[in-house]
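Trainee: One structure is given below, represented as structure tokens, and several questions about it will come after.
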Amino acid sequence: MEEHVIFTDKLTKTFGPFTAVNQISFAVEAGEIFGFLGANGAGKTTALRMLSGLLKPTSGIAMVAGVDVMRHPEQVKRRIGYMSQKFSLYEDLTIRENIRFYGGIYGLSVQTIREKTKKLVDKLELGAHVDELVLRLPLGWRQKLALSVAMLHEPRIVFLDEPTSGVDPLTRRQFWDLIYEAAADGVTLMVTTHYMEEAEYCNRVSMMVDGKIEALDTPGQLKKTYHATSMDEVFRKLARG
Amino acid sequence: MNRFSAFIIKEFRHILRDRRTLLILFGMPMAQVLLFGFVLTNEIKNAAIAIVDPSKDAQSTALIQKLASSGYFRIEKNLEAASQLDPAFKEGKIKLAVVFPPDFARQLDHDGSAPIQLLGDASDPNTATTLINYASNIIQDFSTQRKAEAVLPYQIEVQTHMLYNPELKAVYSFVPGVMTLILMLISAMMTSITIAKEKELGTMEVLLASPLKPIQIILGKTTPYLVLSFINAIIVVLIGVFVFGMPIRGSILLLGLESALYMFVALSLGILISTRAATQQAALFMSALGLLMPTMLLSGFIFPRESMPYVLQALGNIIPATWFNQIIKGVMIKGAGIEVLWFQTCVLGVMAIVFVVLSMRNFKDRL
Amino acid sequence: MQAIVVEQITKSYGPKGAVKALDGISFSVDKGELFGIIGPDGAGKTSLLRILATLILPDAGEAYLQDLHVVRDYKRLRSLLGYMPGRFSLYQDLSVQENLSFFAAVFGTRIEDNYELIKDIYVQLEPFKNRRAGALSGGMKQKLALCCALIHKPEVLLLDEPGTGVDPVSRKEFWDMLQRLKSWGITILVSTPNMDEAELCDRVALLHNGRILAMDTPAGIRDSYDRPLFAVRSADMYRLIQDLRHWPGAYSCYAFGEYAHLALHQSLQGFDKQADTVMAELQQYLESHHHTGIEVLRAAPGVEDCFIASTKDR
């Protein structure tokens, strides 16, 4: 059996009587862009939080980068990058200060942080703004910066929770360029999104409905299976049951 | 159904469905009164004391007997010399020491007077003062008895009467104090929080975009809390009367009207706060810092205003609670009527008008 | 008759107006029209809708709804206006029924009075009428909010991002409802960050950084796209996009669903004749870069292509 970067078996999370994630099982290979799709409240974020060691699973198995999430959440956190739409950067710190802070968290040396800051700022063409508060950056730039910062410690796995929500179409494309680039470098990316069209950009997608994975395949195969012309249609057919 | 009653019904539904708030609303006033009434009293019983009596004669024994049987003191140590007192005080074993001279009875018989030294542990000044007072009274009593036997030509007798509260019951000051506090708390804090909540949840946006007038929103939000505050006031008074035996010497009607006036002031303060606070947390913080603390500390409820520096007294004058505290004590304990309390009532009335005008002006009918 | 008229509206926030939310916006909406304000977060959609809903004051410019000025006549305006804010703004601890009758009373009406208008939507909510609003699904919440905004039969309906937080199925149903509401003569102004929803409006304005990039019918917007556009795909999307961007004729290339959309530098004028040649060249170029499963098609631009093109030009 080949080594999976992420592997889950009957992973479940309940909050009281409510089952947020219901026995999901899947495996993700290195360099894959894996999409988690579903309506609000379908369990995408909960699943992602369990895999990133932020939330203890109720039952089931989850292995991330060869580490058991249930037993060693701290080790998992060290090996992954995490970016969410809601919280990513400190708005009242400058770009440079944010990078320094996150570099510090992951124990990078001052020298490394300085080099990385320069590289990152050049790549995102933020040179003129490096000492400005994040608050003053347009949303799209912030999201691109947040992704780069989440990958500062060169994790092999990155979790992205609705990273492009509300971002304008052009910036969203640029954001996906960054995702593709990382995947080409062999980084595994798990992305949740509610833009069905973004599902097409993933190598494989899992469709979550009410905490369960109702379908998991490549976008092309899913459309074939459900006789649909778009992922939107696939989703609608799935949601109707 | 008209707008106003629909609003009130909605507001009562919010309150009744939020168990936690309901518990705070009704649980806290009762808990506070009972706590203040039972636990935080100024009376001290069975305080541990030490006696240093080198004379050990009939007179000193009789006095010690009198001290011990008063119920206020429990003799913890009988020491030989005053030098042994210091360690006892440091260990905290005793709160007071009574030191007799070596020849107490002889001095008393010969000179007609004898010194007794009272030493109090003033690291807790309130307790020390109280205990010294108790002890002095008992010793005074003892000497008066002896003088009566001795028949002297001139004698000044001091007669003390504690008016209105002869037993010095602490509850007499706590029940009015808690009532002042609770009415401020519920009327002002709850109103400001409930308005801020609508802002926080975004429902205020919809209400403002509707043809509702600001006054309708304000009245709709405040009326239920006015009712609840009134019920609470009644509960506090009932506990005071039936559990702690507090009297209501003045007119109950006057008490009700004055309370209503005070609540009106508090409500308008609450609305004023809500015009500034965008979130429930901000409203809570502002009312805790701006209303509760001054009410507790400066109104004379806990600390006597007479002993405050002039600046704090002046500050206390602009706090509605200060005036209401005087009114409620006057009505309940002294049986005072409006002919006595007219000034305080007028102050509250002026405050009500000022705050209502201010809060109406500041209440924006836009975001 | 024009139901909404907006003239040079400007609005800034922050110290000294540092953040310009709206920068001289003008447009008008006909009575009974379904008009879409399309733009990403931070484009100024919410500010615009709040100004029209009489909730905030513009720094400059005029706006009228049904000939009533949003600042001067705001009191009269409020009774003929239906507004649904971006966040779910109903009472979560009240039931569906209680919310609805409360808002009916606020507007001085009763549920029965305008029942015809909300009937279609309300029948779907009816099974849950005693459930607390907080326990409804995203789609149901949105339907209830729409009912509450419609309860007084408003002449103008302002909807701020009604599709956000709602699953695709409910979102589609929601748009169907809006189409039906038009038949009652209600003018609807709806904002959304989803470009694909532009097609569901009669006319749209594309909003970006407080300015209108384009305003027309969805078809008009699409027709204004003046570059040749191709949909290209191969087995490796990332490399495909990189290679296409390096192709000499390429103006821009971005992922669009399963294809990459490639826009050319040249103008659309007279391109049809060369199209086949260009496609053959493209095919060859990609083959020389070892792409497999190559597919090259002429693509019809969508509103999103137009939005990207006009933001890129700036």
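The values are calculated or read from the model by the stated rules, or taken from the named source; none is laboratory data. Quantities reported herein were computed from a predicted structural model and do not represent experimental measurements. Note that each Cβ is placed from the backbone with ideal geometry, even for glycine, and that neighbours are counted across all protein chains shown. For the accessible areas, the whole protein counts, side chains as well, though only heavy atoms, and no ligand, DNA or RNA atoms are used. Shrake-Rupley method; radii C 1.70, N 1.55, O 1.52, S 1.80 Å.
Trainee: Test B:PHE4 against the criterion of being touching a Gly at 6+ places or on another chain (Cβ under 8 Å) and closer than 30 Å to C:GLY108 by Cα, and give yes or no.
Mentor: Working: touching a Gly at 6+ places or on another chain (Cβ under 8 Å): yes; closer than 30 Å to C:GLY108 by Cα: yes.
So B:PHE4 passes the test.
Trainee: Next question, about the same structure. Does C:LYS16 satisfy the criteria of being in a strand (DSSP E or B) and basic (Lys, Arg)?
Mentor: Spelling it out, it is not the case that C:LYS16 is in a strand (DSSP E or B) and basic (Lys, Arg).
Trainee: Let me ask you something else. A:LEU135 - would you say it is open to solvent by 10 Å² or more (accessible area, probe 1.4 Å), within 11 Å of chain C (Cβ to nearest Cβ) and in contact with a Gly (Cβ under 6 Å, 6 or more places away or on another chain)?
Mentor: It is false that A:LEU135 is open to solvent by 10 Å² or more (accessible area, probe 1.4 Å), within 11 Å of chain C (Cβ to nearest Cβ) and in contact with a Gly (Cβ under 6 Å, 6 or more places away or on another chain).
Trainee: For segment C:113-130, check the following and say yes or no: at least one residue is among the polar types (S, T, N, Q) and within 21 Å of C:PRO85 (Cα to Cα).
Mentor: no
Trainee: Counting only residues that are open to solvent by less than 40 Å² (accessible area, probe 1.4 Å) and among the charged types (D, E, K, R), which one in segment B:323-367 is nearest to the chain's Cα centre (by Cα)?
Mentor: B:ASP365
Trainee: Kindly indicate whether any position in segment C:179-188 is at pLDDT 95 or above, crowded, with 20+ Cβ neighbours inside 10 Å and closer than 27 Å to A:TYR195 by Cβ.
Mentor: yes
Trainee: Does segment B:1-31 hold any residues that are over 23 Å from B:LEU212 (Cβ atoms), free of Cβ contacts under 8 Å to residues at least 24 places away in the same chain and either crowded, with 17+ Cβ neighbours inside 10 Å or away from chain C (no Cβ under 14 Å) (or both), and which are they?
Mentor: B:LEU23, B:ILE24, B:GLY27, B:ALA31
Trainee: Taking the residues in segment B:207-222 that are more than 10 Å from every other protein chain (Cβ to nearest Cβ) and open to solvent by 40 Å² or more (accessible area, probe 1.4 Å) as candidates, determine which candidate is nearest to B:ILE186 (Cα to Cα).
Mentor: B:LEU219
Trainee: Ok, one more. Please go through segment A:1-57 and give me each residue that is within 21 Å of A:MET207 (Cβ to Cβ) and among the aromatic types (Phe, Trp, Tyr), ordered by number.
Mentor: A:PHE7, A:PHE18, A:PHE26, A:PHE34, A:PHE36
Trainee: How many of the residues in segment C:215-255 are open to solvent by 30 Å² or more (accessible area, probe 1.4 Å) and without any contact (Cβ under 8 Å) to a residue 24 or more places away in the chain?
Mentor: The total comes to 9.
Trainee: Tally the residues that are at pLDDT below 85 and open to solvent by 40 Å² or more (accessible area, probe 1.4 Å), restricting the search to segment B:32-58.
Mentor: 11
Trainee: Is there a residue in segment C:298-307 that is among the aromatic types (Phe, Trp, Tyr) and within 14 Å of another protein chain (Cβ to nearest Cβ)?
Mentor: Within segment C:298-307, one or more residues are among the aromatic types (Phe, Trp, Tyr) and within 14 Å of another protein chain (Cβ to nearest Cβ).
Trainee: Then there's this: Within segment B:89-114, which residues are in a loop (DSSP other than H, G, I, E, B), farther than 14 Å from B:SER60 by Cβ and over 43 Å from the mean Cα position of the chain (by Cα)?
Mentor: If the condition is that a residue be in a loop (DSSP other than H, G, I, E, B), farther than 14 Å from B:SER60 by Cβ and over 43 Å from the mean Cα position of the chain (by Cα), then B:GLY112 is the only one that fits.
Trainee: Here is a further query. Are any of the residues in segment C:70-79 within 14 Å of chain B (Cβ to nearest Cβ), more than 24 Å from B:LEU201 (Cα to Cα) and in contact with a His (Cβ under 7 Å, 6 or more places away or on another chain)?
Mentor: No: zero hits.
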